[in-house]
1. Go through segment 100-136 and count every residue that is hydrophobic (A, V, I, L, M, F, W, C), touching a residue at least 40 places away in the same chain (Cβ under 8 Å) and not in a strand (DSSP E or B).
2. Can you give me the number of residues within segment 113-134 that are crowded, with 22+ Cβ neighbours inside 10 Å and farther than 14 Å from residue 165 by Cα?
3. What is the number of the single condition among (1) hydrophobic (A, V, I, L, M, F, W, C); (2) surrounded by fewer than 21 Cβ atoms within 10 Å (Cβ to Cβ); (3) in contact with a strand residue (DSSP E or B) (Cβ under 7 Å, 6 or more places away or on another chain) that residue 314 does not meet?
4. Which condition number does residue 10 fail, the rest of (1) aliphatic (A, V, I, L, M); (2) farther than 20 Å from residue 293 by Cα; (3) touching a Leu at 6+ places or on another chain (Cβ under 7 Å) being met?
5. Within segment 205-247, can you find the residues that are in a loop (DSSP other than H, G, I, E, B) and either modelled with pLDDT of 95 or more or touching a Leu at 6+ places or on another chain (Cβ under 8 Å) (or both)?
6. Count, please, the residues in segment 1-29 that happen to be touching a helix residue (DSSP H, G or I) at 6+ places or on another chain (Cβ under 6 Å), more than 26 Å from residue 316 (Cβ to Cβ) and either modelled with pLDDT under 85 or buried (at least 16 other Cβ atoms within 10 Å of the Cβ) (or both).
7. Looking at segment 262-282, can you tell me whether even one residue there is at pLDDT below 95 and either out of contact with any Asp or Glu (no Cβ under 6 Å at 6 or more places or on another chain) or assigned to a loop (DSSP other than H, G, I, E, B) (or both)?
8. Which residues, taken from segment 104-135, are touching a strand residue (DSSP E or B) at 6+ places or on another chain (Cβ under 6 Å) and among the hydrophobic types (A, V, I, L, M, F, W, C)?
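The values are calculated or read from the model by the stated rules, or taken from the named source; none is laboratory data. In this text, all values refer to a predicted model and were calculated from it rather than measured experimentally. Cβ placement follows ideal geometry from the backbone for every residue including glycine, while neighbour counts extend to all protein chains displayed.
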Amino acid sequence: MAADAVEETLDGLGLVDHHCHGAATRALDPEGFASLLTEGEAWPDASPFDTPAGIAVRRHCAPLLDLPRHAPAAVYLARRAELGPAEVNRRFLRASRVGTFCVDTGHAPHRVTTPAELAAASGAETYEVVRLEAVAEAVAAGGVEADAYGEAFRAAVWKAVRRPGVVGVKSVAAYRTGLDLDPSWPGQAEVTEAAGRWLARGGRLDDPVLVRHLLWTAVDLGLPLQLHTGFGDGDLRLHRSDPALLTDWLRLTAGTVPVLLLHCWPYQRQAAYLSVVFERVYLDVGLTLHHVGPARAGAVLAEALEITPFRKLLYSSDAYGPAEFHHLGALAFRRGLAGLLRERVEADDLSPADAVRIARWTGRDNARRVYRLPGESTDDG
């Protein structure tokens, strides 16, 4: 009965997906779908369906397209094309049973749903997360002198976060410079010199001084700050995305804004440590969940929860492109966490009431509290 209560709680919970992206709004041909199925490049001699993520799509997503479980890839793709992107998105987004999506709108190499379009397709509430590097690059593209860059960026960020529905900001410093940055706040002269170098050569914001300036500006905003850590695509240098590299910066910013460590794998234990020693550090294992699939989600969550305070773990999918990932992330989280909590209840490490409470906190209420979303449960019992 205790196990049933945990599973029923998670199955009926309108999850808060505190970090995701939009779903593709244009039809994806087989090559386009395959390119989005993994974080890597296309493989000429192997199918992306022959991966844990690909197997999970065929097993858990095929029935939502009226196909048998484990439908062959070609059959799956043909049915997907037959239904069209709007219907595919509607089915998977609603099947996820997510009540709230917080959408990073700063990454869109493909045409994907806006937060409003995602809300219409899913029936969920949606909020926006502003990507700071995108703001900086827009400031540069608009034309600015080096000595005016620092203030121009600050003004642009403040304007962006004052838009209705914005609940947080995000940085991809792990991609641009790595997280092994000088933790101190750069002075104005240093920012001006760095801005001069960057504006002269153009391109993405990848100057370490300006990334530091970006992170410290985010602290001044007072909003939750999401930081990419761990798992990502081939543009990332994984060893430089270890969240433990942030330790000195977190020490300097302690007590200011909530810092949300995204994804984390394979560094979920390092992230857990940071959540213990720093009061305003939180984590998730999003993105990882749909890549390992429901079969292994519990193992990843178990490592994340070895020492993480139960008020510090959040749910996210980091889904981008195929709406299958919005569904698979939620499914893997529900099943993985339910299995983990069930084991602890059966071992008498948790009471049934505690397990239900942790399920609610992790799937919904922690995010509501951190982002100050409406509807936070005040029942800790």
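1. 6
2. Qualifying residue count for the region: 4.
3. Here residue 314 clears every test but (2).
4. Every condition holds for residue 10 apart from (2).
5. Scanning segment 205-247 gives 205, 206, 207, 222, 223, 224, 230, 231, 232, 242.
6. Number satisfying all stated conditions: 1.
7. Scanning segment 262-282 turns up no residue that is at pLDDT below 95 and either out of contact with any Asp or Glu (no Cβ under 6 Å at 6 or more places or on another chain) or assigned to a loop (DSSP other than H, G, I, E, B) (or both).
8. 112, 118, 119, 124, 129, 130, 132 - these are the residues of segment 104-135 that are touching a strand residue (DSSP E or B) at 6+ places or on another chain (Cβ under 6 Å) and among the hydrophobic types (A, V, I, L, M, F, W, C).
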